[in-house]
Structures are given as C-alpha cells and as structure tokens.
Amino acid sequence: MIRINHQLFINEDEIQEVFVRSSGPGGQNVNKVATAVQLRFDIRNNESLPDDVKYRLIRIAGNAVNRYGVLTIIAQRFRRQERNRKDARDRLISLIHRAAQKPKIHKKPVTPYRSRIKRMENKRHRGDLKSRRRSVRVTDE
C-alpha cells in the first residue's frame, strides 16, 4: 500500500514499472544498464481512487495520460535505478495528492447597491460636463 494522504491509498499492484536504458548521466554505464524507470498507472480502471480525484488527475497530468487513461511517468534523472524508481513514485504521489485537493469555488463579487448608484451618478455628471464643452451650432432659418 502506498499512502497518499490520511484517506487515500493505492495498491502496489496497480503500478507497473518497466526499466529501460537511460539517456541521462552515467558514462559507459548508460549503454549497459537499464536505470531509467517508466512507471505506468491505470487511472480509469483504478478502484482505490474516487471518481472526482481520477478526473482531476487526468486533467492535471495532461499529456502524460494517453487516451486509454494510463498515466506514464519517466524518471531518468539519477544514475541509480533505485533513486529513479523512488523519484517516479514520488512524482506519482504528488500528482495524486494535488488531484485530491478540491478546487476552491470562486464567487463573483457582488457590488453594493449604493456603489452602483454612485457610479451611475458620476457617469451622468461627467457626461453633462462633456456635453457643456461642445460648441453650440447656430442654424440660419
């Protein structure tokens, strides 16, 4: 079990890890040892996460999720397989943790009635001032 927060857990069985050759640091070791980790997590078929968390996770992860709902995280920053594995898991946990937080509901601020009346009076006053500045046309008839 991997603990996300006090309510969310995911099973180790739901994570697939494939080790591939890294393009990062490592010298000659890069060509011989598979140190990079491709972590795959099937979001849509996951049973331990609530639906709203799954939906937000898909939106947060963006292009890392394919059309089948599988999240792929590639970790190759370090030379050692264990550190890359931990890095990939930490990134998965942080993504799920971010998705678990419910977004704040933003309410449109309501302008007080008196402020709206005052604004309209100011607009009317400015309009009157500007109309008085115009030159008067005299027509011959």
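Miscellaneous remarks
- Matching residues in segment 30-45 - criterion: being of a type outside the set (Lys, Arg), farther than 16 Å from ARG80 by Cβ and part of a loop (DSSP other than H, G, I, E, B): ILE43, ASN45
- Single unsatisfied condition, SER48 versus (1) surrounded by fewer than 18 Cβ atoms within 10 Å (Cβ to Cβ); (2) in a helix (DSSP H, G or I): (2)
- Sub-8 Å Cβ pairs linking a first residue in segment 5-20 that is within 13 Å of LEU92 (Cα to Cα) to a second residue that is acidic (Asp, Glu) and assigned to a strand (DSSP E or B), at least 6 apart or interchain, are GLU14/ASP42, ordered by first then second residue.
- If you go through segment 65-122 and keep only what is of a type in the set (S, T, N, Q), in a helix (DSSP H, G or I) and exposed (fewer than 15 other Cβ atoms within 10 Å of the Cβ), you end up with SER94, SER115, ASN122.
- Complete set of residues in segment 1-15 that are touching an Asp or Glu at 6+ places or on another chain (Cβ under 8 Å), more than 16 Å from LYS86 (Cβ to Cβ) and not in a loop (DSSP other than H, G, I, E, B): GLU14
- Residue in segment 103-110 that is over 25 Å from ARG3 (Cα atoms) and touching a residue at least 40 places away in the same chain (Cβ under 8 Å) present: no
- Any chance SER135 is touching a residue at least 24 places away in the same chain (Cβ under 8 Å) and part of a loop (DSSP other than H, G, I, E, B): no
Just so you know, all these numbers are worked out from the coordinates, no wet-lab data involved. Predicted model only: the values in this text are computed from it and were never measured. Here the Cβ is made from the backbone with ideal geometry for all residues, glycine too, and neighbour counts use every protein chain on show.
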